[in-house]
Amino acid sequence: MRILVIEDEKKLSDLIARALRAERYAVDVAYDGHAAWQMIETYEYDLVILDLMLPGLDGAEILRRTRRRNHHLPILILTALDATDEKVRHFDAGADDYLTKPFAFAELLVRVKALMRRGPVSRASVVRVADLEIDRLSQQVRRAGRKIELTAKEYALLEYLATNPGRVFSRTMIIEHVWDQSFEGLTNIVDVYVRHLRTKVDDPFATKLIRTVRGAGYYLGEGAEQ
Amino acid sequence: MNTRSLSFRLVAWYAGLLVLVFLLLGAVMFAVVASDLQASMRNDQMRRAQQIADTLLKGISHSDESTLATSVEDLYAPETNDRFIRITRGDGTVLFESHASRNPRIASEVPPLRQLPASPFWREVRLPEGGSLGIGTVIHQSSNGTRYAVEVGARTAPIDAALGRLLAALATGLPLAVAIAVIGGFLLVRRSLVPMERIARKAEDITQHNLSERLPVERTGDELERLTLSLNRMISRLEEAVQGSKRLVADASHELRTPLTVMRGELESMAADPQTSRRTREMLASLMEEVERLAAVVDGLLALSRLDTGEASAAWVKFDLAELVATTADQMSLLAEDRSISVACDAPQHVIVEGNRARLKQVIVNLLDNAIKYTQKGGTVRLKVASQNGQPTLEVSDTGIGIPPEAVPHVFERFYRVERSRSREQGGAGLGLSIVKSICAAHGAAVEVESTPDQGSRFRIRFPLSAPEIEQPNLPRGAA
């Protein structure tokens, strides 16, 4: 699996490359638009991570050219602009996904994985984490065989954490998926919901499954607190 | 017809001037023609009188006087020519008088000369049947010293009639000419103002979203072309300004967010390293929290500057404010519950507002978040949506700690904090209320605050009058 990272900020591109290599991907890095376009023309990539503001050719132009040449190459856009119409424009131009800076690397990795899988994700209807069971079809949650009643938001939060057990989800990621952008950066809403979720899912049991990583976010899983 | 319109005023001025010019012209023409006609008649009579004097009275003696009448009758036939002729001797004896037999009244109206004047003269005598008689008189002195006066007169009626016809022609012709000129002028003005209407309509259509468009320029070389070019240059300057500030937002976003991403990534990877000690991990976590806060401030600032450039008018829809408030309050209810604060939502009926739904939701979130943050355990937060005389209003009131009076005018300022310590601990960036105000401004809504310390605050937003119809009457609750 080969990924091309196009980002002119050397520190950031190296960081992304490092994070992706740690996940055992082969990573190439391009620091300007012309070099990037040459590499796309020369090599076969499985994914392109593209910053929009670039010296030389800009990101939008690379996106356009790439789409004309190869319809299936997944392209993940990194950008500093978070206006909705901006996002819509790039999706229209053929971007497959979109991440706004500053993003959590955990989120980047989740998105990369999703894009590399290509096509619809085959998800099991029942997710198990230790003795916790989440049935996506009936939206029922059981732990150690006992049924747990959750509100709609609590369920959505738990289900989201369960999409990738062991992976840390930042508050921003959680807000974007479970609520909407209006709540971003303003409230401790995630913490409050997680606390409520804990009283139902964790408090009656010895093993705590909903874990906090201070400064980073939450994850679902067993093991020592990070 | 709009009496203030340019075309009406131009044509009115033009018509007024035209009437004045035509009246002057008519008067001058009438005066010139009248005096010409009168002068030619006068010359005519004087010349005839002189002729009679020269031919018939030359070398006349007393004996010839008896034949004078016959000679005049033969030569000048005054009756046939409807002319008045009278010859008077110096001593007052009338030697000849025309019309004497046929129409004595004319002659009798002309009093005989009592004394012969020294030089030729002209006079007019009114006739009882109407009109007047113009009479020219010349004096002849015969060789023996006897003086004679020859009077020749003609009716002025033909001149009066001619002048009457001229007056009639002017009286009908001038208004007609003015009418034609006014109608023609109106059509011309209208025609030359049609492009103006077009320019105005096109200019109306240009908003901040299509500033790249320009008014169509017709290469006519006239003032309208100049106006269009000036307007286009103005639009260009506006476009540059808007683009400049958009570029600034884009550049600032890039320049601020990229380093934040790097910081966050480095911190994350350090924290993920199993070699990192517990103490370092604590420090990293604290750093990450600060990075998060910085990112939130950058988000808020950029959102504000985008609102200033007028971005909010994108995605403009009509929707039910009551429904949006109820859903949002529901989504945030756990926040309140967590602090044992009860949230009362008083939104009994549909209140339709027009605007950007996501932005207005942010307004509700920010106000509600603030209200919950600054209300003690067991307090109440009240949301009220109503329509007062067709004006949608939203009220968020709480029973919280309130705002000191000296701070009230400043709460909407960027980065303003009532107490430096209090909201930092709550995790705010100090931009929430500024964003509320900017979004309201973009929607033409007014936001105001009343507060009593230790009793609570009330934020009220008044939207502009909106269309009363309900376009989305059955939005499912909790759709957002």
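The values are calculated or read from the model by the stated rules, or taken from the named source; none is laboratory data. Keep in mind the model is a prediction, meaning the values are calculated, not measured. Using ideal geometry, Cβ is built from the backbone for each residue, glycine included, and neighbour counts are taken over all protein chains shown.
Assorted remarks:
- Enumeration of residues in the stretch A:172-195 that are more than 10 Å from chain B (Cβ to nearest Cβ) and at pLDDT 90 or above: A:Val194
- For the stretch A:86-106, residues that are within 9 Å of chain B (Cβ to nearest Cβ) and more than 21 Å from B:Arg306 (Cα to Cα) total 3.
- Selection count, the stretch A:196-216, where residues are under 21 Å from B:Asp273 (Cβ atoms) and either over 18 Å from the mean Cα position of the chain (by Cα) or at pLDDT 85 or above (or both): 3
- Cβ separations smaller than 6 Å between residues 6+ apart or across chains give the following pairs from the stretch B:117-131 residues that are at pLDDT 80 or above to residues that are surrounded by 14 or more Cβ atoms within 10 Å (Cβ to Cβ) and basic (Lys, Arg): B:Trp122/B:Arg42.
Results for (1) under 24 Å from A:Ile189 (Cα atoms); (2) in a helix (DSSP H, G or I); (3) modelled with pLDDT of 90 or more, shown as yes or no for each residue.
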site	(1), (2), (3)
B:Gln376	yes, no, no
B:Ala386	no, no, yes
B:Ala429	yes, no, no
B:Ser438	yes, yes, no
B:Gly444	no, no, no
B:Val449	no, no, yes
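- Residues in the stretch A:95-116 that are of a type in the set (Gly, Ala, Ser) and either buried (at least 22 other Cβ atoms within 10 Å of the Cβ) or outside any helix (DSSP H, G or I) (or both): A:Ala95, A:Ala104.
- The requirement of being away from chain A (no Cβ under 12 Å), within 20 Å of B:Ile461 (Cα to Cα), touching a Cys at 6+ places or on another chain (Cβ under 9 Å) and in contact (Cβ under 8 Å) with a residue 12 or more places away in the chain is satisfied by B:Val325.
- The numbered conditions (1) free of Cβ contacts under 8 Å to residues at least 60 places away in the same chain; (2) surrounded by fewer than 20 Cβ atoms within 10 Å (Cβ to Cβ); (3) within 8 Å of another protein chain (Cβ to nearest Cβ) are all true for B:Thr380 except (3).
- Listed by position, the helices (runs of 4 or more DSSP H) contained in the stretch A:1-94 that have at least 1 residues being among the aliphatic types (A, V, I, L, M) and touching a Phe, Trp or Tyr at 6+ places or on another chain (Cβ under 9 Å) are A:10-22, A:33-42, A:59-69.
- Members of the stretch B:83-116 found to be over 15 Å from B:Gly136 (Cα atoms), at pLDDT 75 or above and buried (at least 16 other Cβ atoms within 10 Å of the Cβ), listed by number: B:Arg89, B:Gly90, B:Leu95, B:Phe96
- Residue check, B:Val178 under 19 Å from B:Leu20 (Cβ atoms) and either within 23 Å of the chain's Cα centre (by Cα) or touching a residue at least 12 places away in the same chain (Cβ under 8 Å) (or both): yes
- Against the list (1) at the interface with another protein chain (Cβ under 10 Å from one of its Cβ atoms); (2) in contact with an Asp or Glu (Cβ under 9 Å, 6 or more places away or on another chain); (3) not β-branched (Val, Ile, Thr), the condition A:Leu57 fails is (1).
- Some residue of the stretch A:141-155 being at pLDDT below 85, out of contact with any Gly (no Cβ under 9 Å at 6 or more places or on another chain) and outside any loop (DSSP other than H, G, I, E, B): no
- Residue in the stretch A:53-76 that is without any contact (Cβ under 8 Å) to a residue 40 or more places away in the chain, in contact with a helix residue (DSSP H, G or I) (Cβ under 8 Å, 6 or more places away or on another chain) and at positive phi present: yes
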